[in-house]
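The structure appears below as structure tokens.
The values are calculated or read from the model by the stated rules, or taken from the named source; none is laboratory data. The model shown is predicted, which means the values in this text are computed figures rather than measured ones. No Cβ is skipped: glycine too gets one built from the backbone with ideal geometry, and neighbour counts run over all protein chains shown. Ligands, DNA and RNA are excluded from the accessible area calculation, which covers all protein heavy atoms including side chains. Shrake-Rupley method; radii C 1.70, N 1.55, O 1.52, S 1.80 Å.
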Amino acid sequence: MTYCVAMRLDAGLVFLSDSRTNAGVDHINTFRKMHVFEKPGERVLVLMTSGNLSISQSVVNTLREKLESKRGSNLNKVRNMFEAAKHVGDCLREIHTRDAAAMENFGVDFASSMILGGQIKGEEQRAFHIYAAGNFIEATRDTPYFQIGESKYGKPIIDRVISPQTSLDEAAKCALISMDSTIRSNLSVDLPLDLVIYERDALKIKRHVNITQDSPYYGAISKQWGEHLRQGFAALPEPDWNSL
């Protein structure tokens, strides 16, 4: 399982993903789920993946092969982010055509979900949620964030905090608290984490960090968030059974 979140804000974009794929008593694997495609000064694209790992890796490898071959469409040739999302969807359909029937014969669902965000010179930054069928939707001011994977535990804090006007630092803090809530409630999501902060119109990534168990900041906000929740809960009035 996994958890990824992307936020489209006036100030830029925030991306956060975990790296756990399998979790059990004696079976824990980690694979990076965030992939950056960058041509500084011209375009920045960030892809995060969830679902079947073989599908995700096949799509990412196909995208990179198309970049290397320089024939046909690729992420360096698309004119805008809509075309980039369509290109990723086309690659996903290509893998479906090749593998879906064989997977079905073995009782394996063709399950994959992706978030693509970034900016190409000449247009605004954009973010898309791409589904297993290759279709997609775009983030808006009314819905400025997307989640994929194990999303339910981290959603409440985002709904309460995030708006298009939220600063990048505040959004990163919110994303990390959202991830911490998910990690505490689901064994299949865990560190290390990938965090990318993209500043609007920068056309290059200035902040990309890998967060591990040894991260002082992550440890501090995880501890303080739990303490503040308990303090806030304790400060609430006891039920007045006559007014319920």
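With θ set to phi - 60° and the Karplus curve 6.51 cos²θ - 1.76 cosθ + 1.60, what are the ³J(HN,Hα) couplings of segment 230-244 in order, to the nearest whole Hz, using x for Gly and Pro?
With coefficients 6.51, -1.76 and 1.60, one gets 5, 5, x, 5, 5, 7, 5, x, 5, x, 9, 5, 7, 10, 6 Hz.
For Y3, enumerate residues with amide H under 5 Å from its amide H, sequence gap 5+ or separate chain, H modeled in the peptide plane.
So Y3 has HN proximity to D18, E150.
What are the ³J(HN,Hα) values, in whole Hz, obtained from phi via the Karplus relation 6.51 cos²θ - 1.76 cosθ + 1.60 with θ = phi - 60°, for each residue of segment 122-130 in sequence order, with x given for Gly and Pro?
Computed from phi, the couplings for segment 122-130 are x, 9, 6, 5, 8, 9, 9, 9, 9 Hz.
Kindly express, to the nearest 10 degrees and within the range 0 to 90, the angle between helix 81-105's C-alpha long axis and the longest C-alpha principal axis of the chain.
90 degrees
Counting alpha carbon pairs within less than 8 Å and at least 6 residues apart, what relative contact order, in whole percent, applies to segment 48-147?
28 percent
Over the chain, what is the relative contact order in percent, taking alpha-carbon pairs closer than 8 angstrom and at least six residues apart?
28 percent
Considering Cα pairs under 8 angstrom that are at least six residues apart, work out the relative contact order of segment 120-244 and quote it in whole percent.
Answer for segment 120-244 is 17 percent.
How big is segment 49-90 along each principal axis, measuring the range of its Cα positions in Å and listing the largest first?
For segment 49-90, the Cα extents along the three principal axes come out at 29, 22, 12 Å.
Grab segment 37-196 and count how many Lys pairs have their alpha-carbon atoms under 17 Å apart, sequence gap of 8 or more, or different chains.
Within segment 37-196, the lysine pair count is 9.
On a 0 to 90 degree scale, rounded to 10, what angle separates helix 53-69 from the longest Cα axis of the chain?
Its long axis makes an angle of about 50 degrees.
Solvent-accessible area per residue for the chain at a 1.4 Å probe radius, Å²?
52 Å²
Rounded, prolate or oblate, given the Cα gyration tensor of segment 96-216, with a/c below 1.5 counting as rounded?
oblate
Which entry is the computed Cα extents along the principal axes in Å for this structure: (i) 50, 39, 37; (ii) 69, 46, 40; (iii) 52, 37, 32?
(ii)
In deg cm²/dmol and to the nearest 500, what is the mean residue ellipticity at 222 nm of the chain if only DSSP H runs of at least 4 residues count, each as -39500 (n - 2.57), divided by the residue total?
Estimated from H runs of four or more residues: -12000 deg cm²/dmol.
Order H35, H228, H87 by their accessible area, 1.4 angstrom probe, all chains in place, largest first.
H228, H35, H87
Under 17 Å from the Cα of K223, which aspartates and glutamates turn up, not counting those fewer than eight places away in the same chain?
Reachable aspartates and glutamates: D180, D190, D214.
Does anyone have the angle between helix 168-185 and the longest principal axis of the chain? Alpha-carbon axes, 0 to 90°, nearest 10?
80 degrees
Over the heavy atoms of K86, what accessible area does a 1.4 Å probe trace out, to the nearest 10 Å²?
That residue has around 100 Å² of solvent-accessible surface.
What residue among M179, V189, S73 has its Cα farthest toward the positive end of the dipole of the chain, where the charges are +1 on Lys, Arg and -1 on Asp, Glu, each on the Cβ?
Checking the options against the dipole of the chain, the answer is S73.
Determine the dipole magnitude for segment 1-103: charges of +1 sit on the beta-carbon of Lys and Arg, -1 on that of Asp and Glu, nothing else is charged, the reference point is the Cα centre, and the result goes in debye to the nearest 20.
320 debye
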